[in-house]
Amino acid sequence: MSPSSAAAFAPAATNNLDAFWMPFTANRQFKDAPRLLVGAKDMHYTTSDGRQVLDGTAGLWCVNAGHARPKIVEAVQRQVAELDYAPAFQMGHPKAFEFASRLTALAPKGLDHVFFTNSGSESVDTALKIALAYQKVRGEGGRFRLIGRERGYHGVGFGGISVGGIVTNRKAFGPGLPGTDHLRHTYDRERNAYSRGIPEHGAELADDLERLVALHDASTIAAVIVEPVAGSTGVVLPPKGYLERLRALCDKHGLLLIFDEVITGFGRLGAPFAADWFGVTPDIMVTAKGITNGVVPMGAVFVSSAIYEAFMNGPEHVIELFHGYTYSAHPLACAAGLATLDTYAEEGLLTRASETGARFADELHALKGLPHVVDIRNIGLVGAVELEPIPGQPTKRAFSAFLKAYEKGIMIRTTGDIIAMSPPLIISEAQIDELVGTLADVLRTLD
């Protein structure tokens with residue numbers, strides 16, 4: 001190899017930050033003053049300058065059992081040495097079937113089949129495709145419309161941003177899927193500000209579906225997709241009775257109901273799934289994140305037997321659904337997922353937020369009255385503190401809080417001028433006090 005060729009293949013310096021175009025990040029700001037994480041254990045990250053930072057966000061809503069849990073680490077290490085990859089098209093491996101069986105046993109009754117993906121975004125697009133294909137195979141091919149909700153977040157695929165309702169995630173990417181429409185969101189600060197848990201007012205907002213049915217006709221609508229608790233928009237909760245009414249309206253008009261439980265799944269509210277917590281079962285349930293504790297990317301779409309069986313009527317040698325991913329049911333992800341379920345079960349983590357959530361709510365609502373705080377919302381181990389924006393500079397106040405919080409040793413998230421927290425389910429009461437107490441100190445310093 002010539003010297004010039006050798007130079008072309010020389011590795012870049014490890015402190016060169018330019019090549020990585022970071023997602024959902026102010027790249028220039030970050031690279032001017034980078035925040036680098038080099039280790040993690042249980043409730044804490046270790047930074048490149050050796051500090052311990054309390055994880056108030058479970059990574060990105062995904063590390064529900066805490067970091068570097070031994071059972072999960074060991075399972076992945078064993079699996080990569082035994083079977084590193086296996087195709088899922090016309091082939092299989094045992095852990096895929098074992099994991100699917102374990103998941104359906106945990107899922108709400110009636111959601112008996114699982115289609116594996118690699119992320120929440122892929123899970124959403126998979127669910128939407130299954131819904132459309134199901135309507136076609138049952139002879140209702142005219143049902144092509146998909147209904148989402150304002151302020152909804154359903155990942156970053158074209159399907160997800162089309163049914164999603166966060167303007168910054170949509171405006172740069174064209175019209176998206178044709179035939180989508182949106183319900184009104186459920187946030188009503190005037191009536192429900194500082195609600196502790198599920199707000200009292202607004203169940204009638206579900207009736208907005210009747211408006212869309214009148215506009216489009218039910219015969220053109222395939223499915224409605226909502227987050228039971230809208231997380232990425234800033235923890236927007238459904239009013240009491242809202243999901244029950246939405247379920248009834250979908251049944252009335254023959255529409256599939258899809259729950260996006262990428263955030264709420266696997267214990268976040270104090271039950272295995274939000275569907276369990278609210279007592280409302282969808283036809284399709286979208287999951288990811290906590291399914292493997294964030295260790296290996298994975299998602300899963302749960303469907304009812306009625307949907308699955310509708311596809312199983314043709315010749316047995318013919319593929320029933322022309323959809324899937326190279327890494328569907330990846331062996332490492334399945335191994336991580338099985339060990340994650342074991343960890344959840346052994347430590348009672350899928351219901352622990354029903355106990356610790358009360359302490360979390362107490363501490364969170366004690367922030368009322370601090371500078372610039374205009375609302376506080378909570379359910380289980382997820383909460384939001386909404387701040388009054390700086391006039392003419394939206395998002396800046398909350399982002400300033402994020403930076404100051406990191407310097408003080410806690411990790412929070414922001415969306416717009418809303419601070420969101422969703423700590424690992426293993427958080428102790430003392431750590432809840434530390435997390436929210438430190439946030440209180442930060443809020444007192446904001447301009």
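The values are calculated or read from the model by the stated rules, or taken from the named source; none is laboratory data. Given the structure is predicted, the values throughout are model-derived calculations rather than measurements. Because the Cβ atoms are built from the backbone with ideal geometry, glycine has one as well, and the counts that use them run over all protein chains shown. We work out accessible area using only protein heavy atoms, side chains counted, and drop any ligands, DNA or RNA first. Shrake-Rupley method; radii C 1.70, N 1.55, O 1.52, S 1.80 Å.
Considering the range 79-118, the residues that are open to solvent by less than 20 Å² (accessible area, probe 1.4 Å) and either assigned to a loop (DSSP other than H, G, I, E, B) or of a type in the set (S, T, N, Q) (or both) include one that is farthest from I130 (Cα to Cα), namely Q79.
Here is a yes/no grid of residues against (1) open to solvent by less than 30 Å² (accessible area, probe 1.4 Å); (2) of a type in the set (D, E, K, R); (3) modelled with pLDDT of 95 or more:
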{"residue": "K31", "(1), (2), (3)": "no, yes, yes"}
{"residue": "H44", "(1), (2), (3)": "no, no, yes"}
{"residue": "N64", "(1), (2), (3)": "yes, no, yes"}
{"residue": "V73", "(1), (2), (3)": "no, no, yes"}
{"residue": "V76", "(1), (2), (3)": "yes, no, yes"}
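Restricting the range 244-269 to residues that are open to solvent by 10 Å² or more (accessible area, probe 1.4 Å) and assigned to a loop (DSSP other than H, G, I, E, B) leaves a set whose member that is farthest from I427 (Cα to Cα) is G254. Only one entry of I147, I161 meets the criterion of being in a strand (DSSP E or B) and either of a type outside the set (A, V, I, L, M, F, W, C) or open to solvent by less than 30 Å² (accessible area, probe 1.4 Å) (or both), and that entry is I147. Within the range 53-68, residues that are within 17 Å of I419 (Cβ to Cβ) have Cβ atoms under 7 Å from residues that are at pLDDT 95 or above and among the acidic types (D, E) in these pairs: L54/E434, counting only partners at least 6 apart in sequence or on another chain.
Could you pull out every one of the strands (runs of 3 or more DSSP E) wholly within the range 334-447 that has 1 or more residues that are in contact with a Ser or Thr (Cβ under 6 Å, 6 or more places away or on another chain)? Full working, then the answer.
On the way: elements: 373-379, 382-387, 413-415, 418-421.
So the answer is 382-387, 413-415.
When the residues of the range 166-187 are filtered to those that are in contact (Cβ under 8 Å) with a residue 24 or more places away in the chain and assigned to a loop (DSSP other than H, G, I, E, B), which remaining residue is farthest from the chain's Cα centre (by Cα)? Out of the qualifying residues, it is G179. Can you tell me which residue in the range 333-384 is surrounded by the most Cβ atoms within 10 Å (Cβ to Cβ), limited to those that are more than 29 Å from D84 (Cα to Cα) and of a type in the set (S, T, Y)? The extreme case among them is T356.
Please indicate, with yes or no, whether at least one residue in the range 225-243 is polar (S, T, N, Q), touching a Lys or Arg at 6+ places or on another chain (Cβ under 6 Å) and in a loop (DSSP other than H, G, I, E, B). Walk me through how you get there before you give the answer.
Taking the range 225-243 and keeping what is polar (S, T, N, Q), we get 232-233.
Still in the running and touching a Lys or Arg at 6+ places or on another chain (Cβ under 6 Å): 233.
Still in the running and in a loop (DSSP other than H, G, I, E, B): 233.
Within the range 225-243, one or more residues are polar (S, T, N, Q), touching a Lys or Arg at 6+ places or on another chain (Cβ under 6 Å) and in a loop (DSSP other than H, G, I, E, B).
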